[in-house]
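What follows is calculated from the coordinates using simple rules that are stated; it is not laboratory data. Keep in mind that this is a model prediction, so the values were computed, not measured. Counting neighbours? That spans all protein chains shown, and the Cβs are built from the backbone with ideal geometry, glycine included.
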Amino acid sequence: MARRSRSKRFERAGCHIMLSFALLLWSGTVFGEEYEAANDLRTPSVTSTSSAAPAVPVSSVLQYEPERLLDDHQTKVNQALAILQSMRPDLVKPANRGPTAPINSVAGFLWNLFLQLLRFIEAKSLEDPEAYNDHRSGPSSVASDSETEITMGTTTASSTISADYSSSTAMSHENYEFTGTKKPLGDARELLEEAAENGNPDAMYLLAEMNFYGNYSFPRNYTIAMRYYKLLSDVTGNATAQNMLGFMYATGMFGDVLRDQARALMYHTFAAYGDNTRSEMTLAFRYHAGIGTPRNCDKAVFFYKRVADKAMEYWRNGPPGGRTLDRHTWKLADDNGGVFGEGASESSSGPNSRRNLSPPADSTSLADVLEYLLFMAERSDVASQYSLARLYYEGTRSLSRKYDKALHFFKLVAKQYWKNETTRIPGTPDSLQRYAGKTAGYLGRMYLRGEGTPADHAKALQWYKLGMELGDAPSLNGYGYMHLKGLGGLKQSTAKAAEYFRSAADLDFGPAQVNIGKLFLEQGEVTVAIHYFELAARHGHIEAFYYLAETHNQALGRERSCGMATVYYKIVAEKVEELHSPLAWAHRCYEVGDYESALVGFMMAAEQGYESGQANVAYLLDREKSAISLSEHLQWLVDIFDRPSEEEIEEEKRNEELDQFIDEVALIYWTRASKQGNVDATVKMGDYYLKGIGCERDNVKSAACYQAAAEYQQSALALWNLGWMHENGLGVEQDFHLAKRFYDLALTTNSEAYLPVTLSLYKLRLRSFWNSITGGSVNGIGVDQIEEKSDKTSWSFSEFLRRWFEDLNREDSDNYGRAVDGDNGDRVNDDGPDDNGGNYQI
C-alpha cells in the first residue's frame, strides 16, 4: 500500500509536469479557447467500436484525410482490406458458452461441476487426451475450421467476469500461425504490418483496431494495439489514437498496460483539442471529479459545454421536436434485483420495491405481453390497442421502435371514436375520450415528423385540432408549434403560438414548458423563462437542461454557479449517446456472450463519466457476490476429478496477482459510482474496506461508507451493516443502543428484512443483558428507560429481567406488525392503509 501511495504521488507530480510541457508545445492553445490548427488535416468522426464491425473503405474509417499516393504500400492496405471484407466481419458470433449462473451460487457451482464431470467422462470414453486436457476450459469451445472466429482464451459465460477472467487475457500472436481457413487473416496481417513499417497510417490504424477490438476475429493483444496507436499518434497526431492511448493508460487494460494517470490526462488533452468528443467527455469528468488532476470546475464546464453544444446541434438537426434519443444507461445488476439481490439492494427495496425501474429485458416475457395485447386488440379492446401503439412507438430494450405498426394501432383507436376522422361517432362511451385525445396527439406528431408515414402537415394539423377539442396537452403544443413555424397552411404567429404553448404548459407538459420558456427568454424575461425551464426539467427534457446550464454558466437572471452549470451540461452531454457513448455496443456484446468486449465498452463509458458504466464495470469485476464462496471451500471436490498440473499451479499464482489488480479496479469504479449517488456502490465500498478487498482493511472507512449510504434511509442493508458495526465496535464506538436503532431503521426501510433484523435483535438483547449483569461499559439497550425512572436509583435484578422480557415481547410484536402492515409501524388490523402502501386488499 505504501508503494501504491508513493506511486500515486509520483503520478500527481508527473501529471502536472507532463501536462504543462504538452500545452507549451501546443502553441496558440490555452484552456477556455477553441483549438484551431491551420495545418490539421483531420476531420472528426466517431470511430466504430464494434468487436466485429463491418469493413468499410479506409477513407471513411480514419479521422484524417492524408494525401493518398497510390503507391505499393497503399495497394497492400487495399489488398488487406479486400481480404478482411471477404471474411464476413459483420457477424458477431459468440462462442458456445454455457448458462450464466455465478460460480459462487449453489446452482452455478453444481452446474460447473456437472459440466466438468460430463466432459471428463466423454473424453475418457473417446480416449481423446486433447479433449481431456481441454476440459478445464469449461463451457467455452474453440470454433471449427470452417469458421473464421478465433476464440480468445477460456472466457466463461458467467455474468461474473472476474471468476475466471485471469484465463482470458490477451493472447500473444506475434508468432501466431494462421492456418487453414484462417490463413487469409494471416495474409492480411502481413500486408498491413509491411505497410505500417513503411509509415502507412491506414495500416497502423487498422492493425491497432484489430488488435484492440478483435475485429475480423483477430486475436486480441492490447500491448500490440497500444504500440500501433502510439505510432499512429506520433506520426499523424490522430485524435482517435490519442484517445485510445489515454484510455489504455487510465485503465491498465487488465494488467497488460502500466497505469499512468499523468499520461492518460496528457493524451486525452491532445485528443480533446483535436475535437475528439470522447476525450472531451473524459477530460470534463476528470476535472469534475478530480481524477489524476486537482478538481477544476471551470475546465469541467468548458469541456462539458463543448460536448453539450454538439449534442444540441445533433438533437435539433432532426424532425420537428428534435431527434428521438435512445438510452442504454441501464445497469446489469438491476436485471438480477440489484447488486445484492432482490430485496437487499437499494434498487429493489424500500421505495423502489414496487417501482418498475426498466421494461422487461427478457424477450420471452415481452412476447407474452405482446401476444396478450394482440389477442385483446383483435377484440376491439381500446386499452390494448392504445397500449400496443405506445409500445411500438416508444420501443423497449427488447423491442425496437416500429412506427408503421404504431400508426396502425393508433388509427384503430381513432376509428372507434371518430367517423371519417372528422366527427365523433354517436353513442360512443365517454370512457373512450381519454384514449382518443392522446391518440390524436400521437397521430398529429407522427404526421408532423414523418414517422411511419410521409410527413403531411395538413393531416397533422387536422389531428391536433381533434386532440385540442378533448383537452390533449401534446395536441395544444403541436398546434402552437405549427403556428410558430407557419406550417400546414397556418399564418406564422408567435402570439398565437405562445397562447397554445401556455395552455399546454399549464397542463404540465414538458415540451410546451420549454417552448414558452424560450419565447420568454427571447423577450428578455429571464426569470419567467427559468421558471418554465425548471418545470420542464422535471420531465427530463434535454432542452430544459441545456438552457438551465446556460443561465447558470452565463449568470442570466441569477448569480453564476459553475457547479450547477457542470451538472446540467453533463446531463445534456450524456443524453445524446449516439455522438460518443459505447454503451449500446457494450450491451450488445454482453447479450451475445462477448463479455470481454462488453467490459471494455463499459470501461470506456465509465471513463467518460457515465454512472451506469462505472456500476457495470464494478459489477462485472466484483468477485464478492456471495458471502459463502463455494469455489474455495469445495475446490477439493473438483480436484478429485481434475488435478492441476505444475504449469497450472504457476498460472494460478500469476492469476492471483491479476485478481488483486481486478479487485483494485473494481473498488475504483465502485467509488466513482458512489460519488454519483449510487447507494449500492457505497455499500459495496464499505464491504471492500471491511474485508480488505483491493485495499488494506480499514474499519473506519467501512463504517463511514455505511453511514453515507444510510443517510437517506434507502438501503436497509446499509442500515443493518451500520447496526452490526455499532454492535461489535468496528470503526465506531461500541453502542448497543445505537445498534438497536439502526436495526429498527433497517426493518422500517424494508419489511423484507424482518427475519435478519429479528435474529439480530435477539442476539443483541442477549449481549446487552450479559453486558449489564457483568458491569460492562457498553451503552446498553435499556439505558434510556433506566434513566427515566426517578423514584429509584437502581433496578433490582428480578425487575430488570421482567422489564427486559416485556421490552423483548413488545419489540417482537412491533417488528411483526411493521413487516406485515407496511413501513410506518401501524398495526396490522388498523382501519386505514399505510402511506407506503400497506393493507392491500387482494
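Structure notes:
- Segment Glu657-Leu759, extension gain: residue separation times 0.36 nm, minus the distance between their alpha carbons: 32.8 nm
- 20 °C / 1.002 mPa s Stokes-Einstein diffusion coefficient of the stretch 488-607, Kirkwood radius on C-alpha pairs, µm²/s: 130
- Within the stretch 564-593, backbone nitrogen closer than 18 Å to the virtual label 7 Å beyond the Cα of Asp335 toward Cβ: 582-593
- Separation of the Met376 and Asp234 label points, Cα + 7 Å toward Cβ, nm: 6.6
- Checking the cross-link pairs Lys402/Lys459; Lys305/Lys675; Lys405/Lys465; Lys691/Lys763; Lys310/Lys331; Lys76/Lys310 against a 29 Å limit on the alpha carbon distance flags Lys76/Lys310 as lying beyond it.
- Sum of side-chain charges, Phe409 neighbourhood, beta-carbon under 14 Å (Lys, Arg +1; Asp, Glu -1): +3
- Fewest-first sequence of Arg323, Arg189, Arg220 by Cβ atoms within 10 Å of each Cβ: Arg323, Arg189, Arg220
- Using the Cβ of Ala586 as centre and a radius below 13 Å, the other residues enclosed give a net charge of -3, where K and R count +1 and D and E count -1.
- Calculated P(r) of the stretch 380-507 - Cα pairs past 22 Å, %: 35
- All other residues whose Cβ lies under 15 angstrom from that of Gln523 are scored, Lys and Arg at +1 and Asp and Glu at -1, for a net of -1.
- Asp430, Asp687, Asp256 arranged by Cβ crowding within 10 Å, fewest neighbours leading: Asp430, Asp256, Asp687
- Among Leu621, Leu366, a tally of other beta-carbon atoms within 10 Å of each Cβ gives an order, fewest to most, of Leu366, Leu621.
- Put simply, when 577-584, 367-374, 303-310 are sorted by average Cβ atoms within 10 angstrom per residue, most first, you get 303-310, 577-584, 367-374.
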